[in-house]
Structure formats: structure tokens, C-alpha cells
Amino acid sequence: MNVHKRIAIYGKGGIGKSSTASNVAAACADEGYKVMIIGCDPKSDSSITLLGGKRIPTILDLLRDGVDVKEEDVVFKGYKGVQCVEVGGPEPGIGCAGRGIIVAIQTLKKISRSLNEMDLIIYDVPGDIVCGGFVAPIRKGLVKEAYVLTSGEYMPLYAANNICRGLAKINTPLSGIICNSRSVSREEEIVTKFAAEIGSELMAFIPKEQIVQDCERDGFSVMEKAPDSNVAQVYRKLARTIMERDSSVMPEALDDDRLRELTK
Amino acid sequence: MDNKNISIIHPRPSSIVAALYTLRDLNVDVAILHGPPGCSFKHARLLEEDGIHVVTTALDESGFVFGGHDALVNILHKVNDMFHPKLIGVVGTCASMIIGEEMREPVMEANLDVPVIEVEVHAGYRNNTKGVLFALESALDAGIIDREEFSRQQHLLEEATNVELRHGAASKEYLAPSRGDVKYKVAQRIIELLKEGKRGITIMNAKKETGYMFADITLAVNEVAEKLGKADNIINMSNTDVGLGLPRVRHHAECIMKDFEEKGLNVHEIIGGLDEYPVAGATIDKLIEEKYSDYDFAVISGVPHAIPMDHLAGMEIISVTNGPRQVLPLKELGHEHVLVEIDLHPKTLGVNHIVESEFGATLREVAKESL
Ligand code: SF4
């Protein structure tokens, strides 16, 4: 197989990056790919649904305790062999999460051999690109392409647009837009248009379905708990598209007026 | 002033260090640097020579990510047990300030029965006097100084910044360091002037503890004049008012005046306190205009660039500074001879007597030869 996909998923906080990332990871593992997921959120729950709801020690937890971190301390096998890593971070309101990502990524780069053996590595990066720390995986050369997750609502689109601006700034191509539906009116149309106008395209439209929530609450991915569901099909298709995709563009962010017009 | 917007590209003393020195002048027993172990290392060590304990919370990578709250609480307890201080200072650094550390909380949590002055400062200020100001503001809040002293200090700081912008190290984008003129030759010149019967003024306009060495230049000039039988040709001015300034600064003035007295040196004009070097210029200018305008030469030590040239212009000026970057601006001001006392600072910390200066020593030696 021997693919070397290194992707990051960006998008407004709470838009569903973690469930998308873990379901894509699971779908790729189903297809036999070697997959790793690296959660960069201080909440450290990117991989929780791949581990049957269990939390794993994070890189920064160990670093805080002064442990000389080894690969086996922080890389854990989850659903179908998906390797799970959580960066971790400080409690809300203290310290510096951005710096945390930088330190953790540097550590991981140093200690992890399997980083090179993966067919797909997904970085699940929190929220918006707000400081240097959030683009550390890219800047440290670990990410080759980015996906942006959004819904058809104004704020997530605003964030998505901003992220595109950030990506262009750090010279990282955008491979596509993914819509995680919030069931707002004309959603697919709006996001399709947005994607086209920034020079990209809509990769998938993930419908809003209760089953995703239910599986998550139980601590599982949809791929594991409800593989026959409609939404599992969507994830499977998205996973395939990601693995096969070889085109990307430097996104051109829209100005504020145009963005607002689009969502009217 | 149009040179206000120049960007100075040579490294400058930082606001963190300025805050540390201010805490020292407020007589703290311990200063805690909240940040990386290497921050301000050189000055921290120097200040230890000056009799205060400087310690660090030694934040590392993990501290930068998770914050240093606990580290600060711990060290507050530790220094309290170890040194039994009467007054403690806590100083922020770039690292702790950038990650948004709160210093009040840990101080409250440590709950010591010793007053603590916290200074939230990093090194990213254009004027390093900001560090002094922040320290003074905290001292005011903590009731260590009164409003009147605070306003006085604030005014001095503004003037100090102006002095640096006008003719000091902040006056140009880049100033190459220089050792100044050869001390031996300038010593010869002073002796020559005295032998010719010329009349001179010594002006010590020094900054705080640096006065311990600059005062030696006043002493040396007077000693040599006396040997040549010209003692009466010299008028001495110094900014050693014992009643002005933060506690430690007043103490320095007392020590220097005591030494002057012991050596039989007469200070004719007290031109301000040891922290008033940025504003003493006006007093000096007025004194010269009124009483000494027909003098032939002036030996100025300390912060010579703070003195206006209006009534000095007719005199031959010998100035002694400790700033290697001060040579060029002084020459441009019209000072004929500019000398630099290298390493002055380390030698004047932790002392309470006048310290021999290189130029003073040279002058004494050359005088011996030429008698
Ligand atoms: S960058 Fe700031 S915190 Fe770091 S050593 Fe320098 S002055 Fe200290």
C-alpha cells in the first residue's frame, strides 16, 4: 500500500472534528491501512472512541511528571490497530496550550518510530488557528495537507475562512472542505459554494444523525458500533476519498462581505 | 523629538533587571525571579554581591505549558524559612508573563507574614524604566513607599528616559562600543591645566551605587591639585544629598559623604540626590551660569550627557562614564576627552566605601611622575 498521508483537520471548536477524525481513522483501518491519530486538544478526547471510552496518558502529562517519555508510554493501540496519541495540555485558564502542542510534537517526533511507518496520520487540532502552537504540526514538517471542517452556519464558516487564510500564510495546501451538517437551511448548497469560491471543493456532507452522538456517548466510533448505518457509509466514502486524493490548492480566503452574502 | 521613533538595535538592559534593581533600592531581602532559570543571570548574581538573595522559580518546558503557580508558592515558603526576610519581591519574566501567570494568587496562597512586592514585568518594553515604574507601583500598593516619593520617582524616570533619548544610548539606532580616550594622556592634560593655574570644576552626577567609583575621580583631581598647590582652583559638585531617594540610595549618599569628609574634601555644591542624575543638569547649569562661568575646565563623572552644554561650552570638558556606548554621543556634544570606566558596576555593588577608579589611579600615578 505504502501511502504516506499526513493530514490535519481544522475547524471551529465544537464542530465535530474529533468524531470525524476518529471515524475516518476507523474507516481507514477497516480497509487495512496503518493509521495513527494524534489529538492535539487539551481535552484529550480525540481518540477516546477508538479506545472503548478509555482515556490514555497524554504526552504532556508525562512531561509534567518529569518522565523520560518513550514511544510505548504515549502511543496506544485502539480499534483495529489504530495508533492513538494524545498531546494533552494544561487546565483551562492556566499555562499555555499552544506551547504545549509545540513541546509535545517535538517530543513525539523524537521518540516515535512508527510515525514513519503509517499510511495515514491524522492530526486533530483544536479550534481555530489562534497562535503558532496550533500550526506546530505543520511547521515542524509533520503535516502535508489540511482539511477544514465546517457546517453551513455563519460562525463555523467564518472560522473556516480564517483557517484558509492561515493555511495560505504558512504555505500549506487545502485538500478539501468537509461539511458536518447542523441541519440548517440550504446547508449543502452554501458550503459547496464556499468551497468553490476559495478554490477548493466539498469532499463530504456528513448528515446530522443521532447515532453519532449515541455511539460517542458509549465510547465508540460509528464504524465500530453501527457499521451498517447510513452515516457509517458516508465516513467510509470520505475515508476513501482522503486516501485517494492527490490534488490540493492554496486556498484564497473570502472577504467578510462576500462570506456574509453567501450565508444569507 | 523626531528621534523618538528610531528602533534601537543593540541589546539594552532589560526592564526585568531594572525592576530587580529597584527592589534592591527598596531594601528587599529576597527577590524571586518567576521564570526560566537563566533569566537575567548576570545581574541576578551581581545583586547577590550587593547583599540581597536572588532566586528563581526555574520554570522549564513543563512550567511554560502548565504554568508555575505551585513553583512560586513553594519557593515563597522556602525563602521565608531559609532567609527570614523582612521584605520579599517577586519579579515576572517574559516566559511567565507570556503564558499569563498570575502572581498575586500564589502570594496570597503562600500567606506569609512578610510583605511581598509583586512586579508583573517582561523584557519587551521600549524603555527599560518601565521595570522601575512597575516595581514602584507595586511598592506603593503594598504601602512600602508613599505617594509623594512615588510621584518623585516617576518624574525622575521620565527624565531619565528623555536623557537617554536625547544624548544617551537610546539616541541612535546603533552605537558601537568604545573604550574612549587613553587615560594616561588625559591625566597629563589635567595636570598641565592645573600647572598653568587654570581653574576647574568637578561634577559628579552619578547614578546610585555607581557613585562609589565616580566619587574617586573627584578625590583624585583634588589630591593632585593639592599636591600642585592648586587646591583652591577646584570647585566640587556632587549629587549626594543624603535626604533624597529610596532607602538604599540615601544610604549610599551618606557613605560617600562620610568618605569625602574623612579625606578632607569639601563639596561646595550639592546638586541633588543620587537618583537625581537625570534632573541635576538644570541645577548644575544654573550654578555655573551664576557662579562659575569663568572656569576653564570641568571634569564630569557619572552621567555626563545629562548636563546641558549651555554654560559649559567655553570650558575644556573631560568626562568619565561607564558606558562604552556613551563615548560617541559625548564627543558629539563637544566633550573633548571622554573616558570609560570598564567594569564599574560589579566593583560598586555590595560596597559602602569609595572604590578606586582606573582614571583616578592613573591620575595619581602620572602626578607622581610629573612632580
Ligand atoms: S527572554 Fe525574557 S525571560 Fe527569557 S531570559 Fe531573556 S529576559 Fe528572561
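The values are calculated or read from the model by the stated rules, or taken from the named source; none is laboratory data. Remember, it's a predicted structure, so these values are computed and weren't measured experimentally. Positions of Cβ are backbone-derived with ideal geometry, glycine not excepted, and every protein chain shown enters the neighbour counts.
Could you list all residues from segment A:19-41 that are of a type in the set (Ser, Thr, Tyr) and either within 14 Å of chain B (Cβ to nearest Cβ) or not in a loop (DSSP other than H, G, I, E, B) (or both)? Steps first, please.
Just the residues of segment A:19-41 that are of a type in the set (Ser, Thr, Tyr), to begin with: A:19-20, A:22, A:33.
Those that are of a type in the set (Ser, Thr, Tyr) and either within 14 Å of chain B (Cβ to nearest Cβ) or not in a loop (DSSP other than H, G, I, E, B) (or both): A:SER19, A:THR20, A:SER22.
Could you please find all residues in segment A:99-139 being touching a strand residue (DSSP E or B) at 6+ places or on another chain (Cβ under 8 Å) and within 23 Å of A:GLU31 (Cα to Cα)?
Listed by number, the residues that qualify are A:SER114, A:LEU115, A:MET118, A:ASP119, A:LEU120, A:ILE121, A:ILE122, A:TYR123, A:ASP124.
Residue by residue through segment B:103-131, note down the ones that are within 16 Å of the ligand (Cβ to nearest atom) and among the aliphatic types (A, V, I, L, M).
Those that are within 16 Å of the ligand (Cβ to nearest atom) and among the aliphatic types (A, V, I, L, M): B:MET103, B:VAL119, B:VAL121, B:ALA123.
Would segment B:132-141 turn up any residue that is more than 16 Å from the ligand (Cβ to nearest atom), on the phi < 0 side of the Ramachandran plot and hydroxyl-bearing (Ser, Thr, Tyr)?
Yes, segment B:132-141 contains a residue that is more than 16 Å from the ligand (Cβ to nearest atom), on the phi < 0 side of the Ramachandran plot and hydroxyl-bearing (Ser, Thr, Tyr).
Answer with yes or no whether A:VAL135 is assigned to a helix (DSSP H, G or I), surrounded by 17 or more Cβ atoms within 10 Å (Cβ to Cβ) and either more than 18 Å from the chain's Cα centre (by Cα) or within 11 Å of chain B (Cβ to nearest Cβ) (or both). Explain how you work it out, then say what you get.
Values: assigned to a helix (DSSP H, G or I): yes; surrounded by 17 or more Cβ atoms within 10 Å (Cβ to Cβ): yes; either more than 18 Å from the chain's Cα centre (by Cα) or within 11 Å of chain B (Cβ to nearest Cβ) (or both): no.
Taking the combined requirement at face value, the residue does not satisfy it.
Find the residue count for segment B:103-121, including only residues that are within 14 Å of another protein chain (Cβ to nearest Cβ) and either β-branched (Val, Ile, Thr) or not in a helix (DSSP H, G or I) (or both).
1
Output yes when any residue across segment B:335-342 is in a strand (DSSP E or B) and either without any contact (Cβ under 8 Å) to a residue 12 or more places away in the chain or among the aromatic types (Phe, Trp, Tyr) (or both), and no when none is. Before you say what the answer is, go through the steps one by one.
Initially, segment B:335-342 is screened for residues in a strand (DSSP E or B), giving B:337-340.
Of the ones still in play, those that are also either without any contact (Cβ under 8 Å) to a residue 12 or more places away in the chain or among the aromatic types (Phe, Trp, Tyr) (or both) are none.
Taking every residue of segment B:335-342 in turn, none turns out to be in a strand (DSSP E or B) and either without any contact (Cβ under 8 Å) to a residue 12 or more places away in the chain or among the aromatic types (Phe, Trp, Tyr) (or both).
Which residues, counting only those in segment A:58-74, are touching a residue at least 12 places away in the same chain (Cβ under 8 Å) and either in a strand (DSSP E or B) or more than 19 Å from A:PRO42 (Cβ to Cβ) (or both)?
From segment A:58-74, those touching a residue at least 12 places away in the same chain (Cβ under 8 Å) are A:58-63, A:69-71, A:73-74; that's our starting set.
If the condition is that a residue be touching a residue at least 12 places away in the same chain (Cβ under 8 Å) and either in a strand (DSSP E or B) or more than 19 Å from A:PRO42 (Cβ to Cβ) (or both), then A:LYS70, A:GLU71 are the ones that fit.
From (1) of a type in the set (S, T, N, Q); (2) within 14 Å of chain B (Cβ to nearest Cβ); (3) in a loop (DSSP other than H, G, I, E, B), pick out the condition that doesn't hold for A:THR107.
Going through the list (1) of a type in the set (S, T, N, Q); (2) within 14 Å of chain B (Cβ to nearest Cβ); (3) in a loop (DSSP other than H, G, I, E, B), A:THR107 breaks only (3).
Of everything in segment B:51-70 that's among the polar types (S, T, N, Q) and within 14 Å of another protein chain (Cβ to nearest Cβ), which residue is nearest to B:GLU118 (Cα to Cα)? Steps first, please.
Residues of segment B:51-70 among the polar types (S, T, N, Q): B:56-57, B:62.
Restricting the remaining residues to those that are within 14 Å of another protein chain (Cβ to nearest Cβ) gives B:57, B:62.
On the way: B:THR57: 14, B:SER62: 23 Å.
Only one residue tops the list, namely B:THR57.
Given the conditions (1) touching a Gly at 6+ places or on another chain (Cβ under 9 Å); (2) modelled with pLDDT of 90 or more, and given that A:GLY132 satisfies all but one, which numbered condition is not satisfied?
So A:GLY132 meets the others, but not (2).
Somewhere in segment A:209-220, is a residue modelled with pLDDT of 95 or more, farther than 19 Å from A:ALA26 by Cβ and surrounded by 21 or more Cβ atoms within 10 Å (Cβ to Cβ)?
No.
So, in segment B:113-140, how many residues would count as being free of Cβ contacts under 8 Å to residues at least 12 places away in the same chain and either more than 20 Å from the chain's Cα centre (by Cα) or within 23 Å of B:VAL79 (Cα to Cα) (or both)? Even if it seems obvious, please write down each step before you answer.
As a first pass, look at segment B:113-140 and keep what is free of Cβ contacts under 8 Å to residues at least 12 places away in the same chain: B:113, B:126, B:140.
Still in the list and also either more than 20 Å from the chain's Cα centre (by Cα) or within 23 Å of B:VAL79 (Cα to Cα) (or both): B:113, B:140.
Total satisfying the criteria: 2.
Mind listing just one residue for me: the one in segment A:42-71 that is among the polar types (S, T, N, Q) and away from chain B (no Cβ under 14 Å) and, of those, farthest from A:GLY127 (Cα to Cα)?
Restricting attention to segment A:42-71, the residues satisfying the condition of being among the polar types (S, T, N, Q) are A:44, A:46-47, A:49, A:58.
If we keep only those that are away from chain B (no Cβ under 14 Å) as well, we get A:46-47, A:49.
Working: A:SER46: 13, A:SER47: 16, A:THR49: 19 Å.
Filtering segment A:42-71 for residues that are among the polar types (S, T, N, Q) and away from chain B (no Cβ under 14 Å), the one farthest from A:GLY127 (Cα to Cα) comes out as A:THR49.
Among the residues in segment A:79-93, are any surrounded by fewer than 24 Cβ atoms within 10 Å (Cβ to Cβ) and aliphatic (A, V, I, L, M)?
Step one: filter segment A:79-93 for residues surrounded by fewer than 24 Cβ atoms within 10 Å (Cβ to Cβ), giving A:79-81, A:90-93.
From what is left, the residues that are aliphatic (A, V, I, L, M) are none.
No: zero hits.
Out of all the residues in segment B:167-182, is one or more in a helix (DSSP H, G or I), at pLDDT 95 or above and surrounded by fewer than 16 Cβ atoms within 10 Å (Cβ to Cβ)?
First, pick out the residues of segment B:167-182 that are in a helix (DSSP H, G or I): B:167.
Filter once more, so that each one left must be at pLDDT 95 or above: none.
No: segment B:167-182 contains no residue that is in a helix (DSSP H, G or I), at pLDDT 95 or above and surrounded by fewer than 16 Cβ atoms within 10 Å (Cβ to Cβ).
Quick check on my filter: what residues within segment B:289-319 are within 16 Å of B:LEU333 (Cα to Cα) and in a loop (DSSP other than H, G, I, E, B)? Before you say what the answer is, go through the steps one by one.
Going residue by residue through segment B:289-319, those that are within 16 Å of B:LEU333 (Cα to Cα) are B:297-319.
Within segment B:289-319, B:VAL303, B:ILE307, B:PRO308, B:MET309, B:ASP310, B:HIS311, B:LEU312, B:ALA313, B:GLY314, B:MET315 qualify.
If the requirement is being in contact (Cβ under 8 Å) with a residue 60 or more places away in the chain, out of contact with any Asp or Glu (no Cβ under 6 Å at 6 or more places or on another chain) and away from chain B (no Cβ under 14 Å), which of these qualifies: A:ILE121, A:ILE101? Write out each step before concluding.
Working: A:ILE101 fails: away from chain B (no Cβ under 14 Å).
Residue meeting the stated conditions: A:ILE121.
Okay, residues lined up against (1) modelled with pLDDT under 95; (2) in contact with a Lys or Arg (Cβ under 8 Å, 6 or more places away or on another chain); (3) crowded, with 17+ Cβ neighbours inside 10 Å:
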| residue | (1), (2), (3) |
| --- | --- |
| B:ALA18 | no, yes, yes |
| B:ASP25 | no, yes, yes |
| B:THR57 | no, no, yes |
| B:PHE83 | no, no, no |
| B:GLY92 | no, no, yes |
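Does B:ALA225 fit the bill of being free of Cβ contacts under 8 Å to residues at least 40 places away in the same chain and more than 23 Å from B:GLU341 (Cβ to Cβ)?
Numbers: free of Cβ contacts under 8 Å to residues at least 40 places away in the same chain: yes; more than 23 Å from B:GLU341 (Cβ to Cβ): no.
Criteria not met by B:ALA225.
Could you say which residue among A:ILE170, A:ILE178 is in contact with a helix residue (DSSP H, G or I) (Cβ under 8 Å, 6 or more places away or on another chain) and modelled with pLDDT under 95?
Working: A:ILE178 fails: modelled with pLDDT under 95.
From the options A:ILE170, A:ILE178, the qualifying one is A:ILE170.
Considering only strands (runs of 3 or more DSSP E) fully contained in segment B:1-102, which possess at least 2 residues that are touching a residue at least 60 places away in the same chain (Cβ under 8 Å) and within 14 Å of the ligand (Cβ to nearest atom)? Write out each step before concluding.
On the way: elements: B:30-34, B:53-56, B:88-92.
Those strands (runs of 3 or more DSSP E) span B:30-34, B:88-92.
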